[in-house]
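The values are calculated or read from the model by the stated rules, or taken from the named source; none is laboratory data. All values reported here derive from a predicted model rather than from experimental measurement. Glycine also receives a Cβ, built like all others from the backbone with ideal geometry; neighbour counts cover every protein chain displayed.
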């Protein structure tokens, strides 16, 4: 089978879906790998590196896509790319299907079998395929380093001859993979860290990293969704949540927001009034900017300043560390691909919860129920 890895068209996307190490894993499954020349350059992988791993280099993007039995990408394909893909071929990429409805429709119309790494179920068996976690881990780490570089204060407590320097206060909103890594990184830099999450179950994890867990008093676990994700909460809970966050945010030097609900707009946690209550020189790193942001003032892929508060809406922080981001994503993709390959052929078993969970178009049909319901509403 012909496995194609084209260049990413988005200029802000330096990651690549396959690395030399993952090429070897894919070839072991009996597949042939074809990579568009220059596809790995932004991740510092040369064509020679790929060739030495056993891949074939193709100079023409149309040629590589039109011959592909399986196409591996980071981002969703463009309409132009979809038009080139041959019928009944397979695509694996990151795709927020409920937010990229036009892409889903085009893939379905082209009879492309498409899998989203966003939809990989969070189960023990699928851990090595969990691209959201591997990329979120990088985002949480890098967010703290960027915030520290922008602050006008030290992160740690320092005892100096000139007096004592108080530690910076860091508030992390959302204690998923990105949030926990942000907590750990901020603690390593010596900051005083607090964290908030709608899921009481993460309290132990937050405290094990040395941070203080702040929580809304509630008799239910209304913020706990399926697969460990957060879900939307009641209006009463949201009101209490806003009051609690406001109290802590006004004392913080850095706020890192990571609250995302899969396939939906990011919940608004920091309105403009709350930003204006922060100390001058403070920094907000909004890791939910891709889905609209947790801060009212966030602008996707822009760094703005509002009343001396810096708000960073960079949406692809993993891409700022392309070597490890590509390495981890490529491992996730290779693990998922080889999981489906039997004797050199793709075996799409719809009874398998990982395969059926990640697939969203197949045989001209939209198979992901929430996505199909949204498209049906448009008709």
Output the number of residues of the stretch 62-88 satisfying the condition of being within 26 Å of the chain's Cα centre (by Cα), over 17 Å from residue 132 (Cβ atoms) and surrounded by fewer than 22 Cβ atoms within 10 Å (Cβ to Cβ). 5
Checking residue 107 against (1) touching a strand residue (DSSP E or B) at 6+ places or on another chain (Cβ under 6 Å); (2) farther than 20 Å from residue 15 by Cα; (3) surrounded by fewer than 22 Cβ atoms within 10 Å (Cβ to Cβ), only one condition comes out false. Which one? (3)
Any hit, the stretch 272-285, residues being assigned by TED's automatic domain parsing to the domain that holds residue 150, crowded, with 23+ Cβ neighbours inside 10 Å, in contact with a helix residue (DSSP H, G or I) (Cβ under 6 Å, 6 or more places away or on another chain) and closer than 18 Å to residue 301 by Cα: yes
Residue 245 is checked against (1) modelled with pLDDT of 95 or more; (2) under 16 Å from residue 297 (Cβ atoms) and fails just one. What number does that condition carry? (1)
Search result, residues across the stretch 43-58 that are touching a helix residue (DSSP H, G or I) at 6+ places or on another chain (Cβ under 8 Å), part of a helix (DSSP H, G or I) and surrounded by fewer than 18 Cβ atoms within 10 Å (Cβ to Cβ): 49, 52
Answer yes if at least one residue in the stretch 150-173 is closer than 24 Å to residue 118 by Cα, modelled with pLDDT of 95 or more and touching a helix residue (DSSP H, G or I) at 6+ places or on another chain (Cβ under 6 Å), and no otherwise. yes
Those residues of the stretch 122-132 that are buried (at least 17 other Cβ atoms within 10 Å of the Cβ) and in contact with a helix residue (DSSP H, G or I) (Cβ under 6 Å, 6 or more places away or on another chain) come to a total of 3
Subset tally (residues that are modelled with pLDDT of 95 or more and either exposed (fewer than 15 other Cβ atoms within 10 Å of the Cβ) or part of a loop (DSSP other than H, G, I, E, B) (or both)) for the stretch 252-270: 3
Please verify whether the stretch 1-21 includes one or more residues that are part of a helix (DSSP H, G or I), within 23 Å of residue 346 (Cα to Cα) and touching a helix residue (DSSP H, G or I) at 6+ places or on another chain (Cβ under 8 Å). yes
Just wondering, is there one or more residues in the stretch 292-307 that are crowded, with 17+ Cβ neighbours inside 10 Å and under 30 Å from residue 31 (Cα atoms)? no
Being touching a residue at least 60 places away in the same chain (Cβ under 8 Å) and surrounded by 16 or more Cβ atoms within 10 Å (Cβ to Cβ) narrows 206, 202, 177, 170 down to just 170
Hand me the list of helices (runs of 4 or more DSSP H) wholly inside the stretch 59-116 holding 1 or more residues that are closer than 15 Å to residue 368 by Cα and modelled with pLDDT of 95 or more. 101-109
